[in-house]
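The values are calculated or read from the model by the stated rules, or taken from the named source; none is laboratory data. Since the structure is predicted, the reported quantities are computational estimates derived from the model, not experimental observations. A quick note on method: Cβ atoms are made from the backbone with ideal geometry, for glycine too, and the neighbour counts reach across all protein chains shown.
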Amino acid sequence: MSRKVELTVCVVALLCCLAGSAFSVTTGQKVEFEGWIVSRQGESLTVYTVEKGNINVLVTSYTKVQEPRGLFKIRKTQRPLSNLLPGLRIKVRGIGDTQSQVLAESIRFSGDDLRTAYAFKAGLIPLQNQVGANTQQIAANQASNQQQITANQANIQSNRQQITSLDRRFSNLTNYLVRYTAFVYFPAGSSTLSVTAQDDLRRLVREAQSLEGYFIQVKGYTDSSGTVSFNQDLSMRRAQSVMAYLQNTGNIPLTRMLTPAAMGEARPVSSNSTPQGRANNRRVEVNILVNRGLAGEQLIANTQ
């Protein structure tokens, strides 16, 4: 992930603790804005924007949740509502309702931002919630009893230390080590897993289950046969075929799998001018990623 994404995640973490009142939208007002989901309650989202602060967004059955795809981001893939996680950077288009919130017509986000949100969900929400709970307790003490505030100074310092630790862990979650890689190959024009491919994936599952705090990255590729659009679609089908096998047969939770990447005919490992070279390029690359920060914490814990 880029340095920009690292800073984005840190900012969102602090905003979740310090979120204030929401910006009011007038009835019938058409709006379009970009921000980060800082909280979600069912179909209701609180989205932080740089220009207007927090905006309440309501997701309905008519809301289009999409991920722009392709070289020019023209093609849009429909995504489930479950992808709308705290920490996700989104673009919202909608209209104000009578409750001063935005009825979302469309919500768009990138695959990179979704991976950042999954990292947020995987290891940091419990600590973020604890920091938020402590902050609310401090505010209640200030309103009720000045003497109690003095007694809680030590707790305030502790909270600051937790926020600093939270920042470090967010930054660390963007740094991964590749612990294991498997290459799965396909016949021309096919996205069906062979017996050999299934054996390779079972070995990968065993490797993953021996690790803590891992993610699985899946990237699909094709050879240069066929049109660019066909190859883009075929590479996605191959990646999704691998993910389905890992989930259904390998019992890998979806929360451990990053959004699949359709690479099309990009980045060939062999020349497409020979049959063997094309066979090498018809592949899915599967990586087991282990977070450097979590791995370091586990190493320290094991030595104590």
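Points worth noting:
- Matching residues in the range 44-73 - criterion: being within 18 Å of residue 114 (Cα to Cα) and acidic (Asp, Glu): 67
- Test: residue in the range 78-89 that is surrounded by 15 or more Cβ atoms within 10 Å (Cβ to Cβ), on the phi < 0 side of the Ramachandran plot, in contact (Cβ under 8 Å) with a residue 24 or more places away in the chain and assigned to a strand (DSSP E or B): yes
- Matching residues, the range 39-62, being of a type in the set (S, T, N, Q) and out of contact with any Ser or Thr (no Cβ under 7 Å at 6 or more places or on another chain): 41, 44, 49, 60, 61
- Residue match in the range 255-272 (condition: modelled with pLDDT of 90 or more, in a helix (DSSP H, G or I) and out of contact with any strand residue (DSSP E or B) (no Cβ under 7 Å at 6 or more places or on another chain)): no
- Residue 65 meets all of the listed conditions (1) modelled with pLDDT of 85 or more; (2) more than 22 Å from residue 35 (Cβ to Cβ) but one, namely (2).
- For residue 37, the criteria (1) within 30 Å of residue 264 (Cα to Cα); (2) in contact with a Pro (Cβ under 7 Å, 6 or more places away or on another chain); (3) not aromatic (Phe, Trp, Tyr) hold in every case but one, which is (1).
- Of all residues in the range 190-230, those being assigned to a loop (DSSP other than H, G, I, E, B) and loosely packed, with under 13 Cβ neighbours inside 10 Å number 4.
- Qualifying residue in the range 240-251 (condition: under 22 Å from the mean Cα position of the chain (by Cα), modelled with pLDDT under 95 and assigned to a loop (DSSP other than H, G, I, E, B)): yes
- Residue count for the range 256-276, restricted to those that are in contact (Cβ under 8 Å) with a residue 40 or more places away in the chain and either more than 30 Å from residue 210 (Cα to Cα) or small (Gly, Ala, Ser) (or both): 8
- Cβ separations smaller than 8 Å between residues 6+ apart or across chains give the following pairs from the range 20-36 residues that are assigned by TED's automatic domain parsing to the domain that holds residue 58 and modelled with pLDDT of 75 or more to residues that are outside any strand (DSSP E or B) and hydrophobic (A, V, I, L, M, F, W, C): 31/25; 35/50; 36/11; 36/12; 36/15; 36/88.
- Applying the criterion of being surrounded by fewer than 18 Cβ atoms within 10 Å (Cβ to Cβ) and small (Gly, Ala, Ser) to the residues of the range 97-109, the residue that is farthest from residue 83 (Cα to Cα) is 100.
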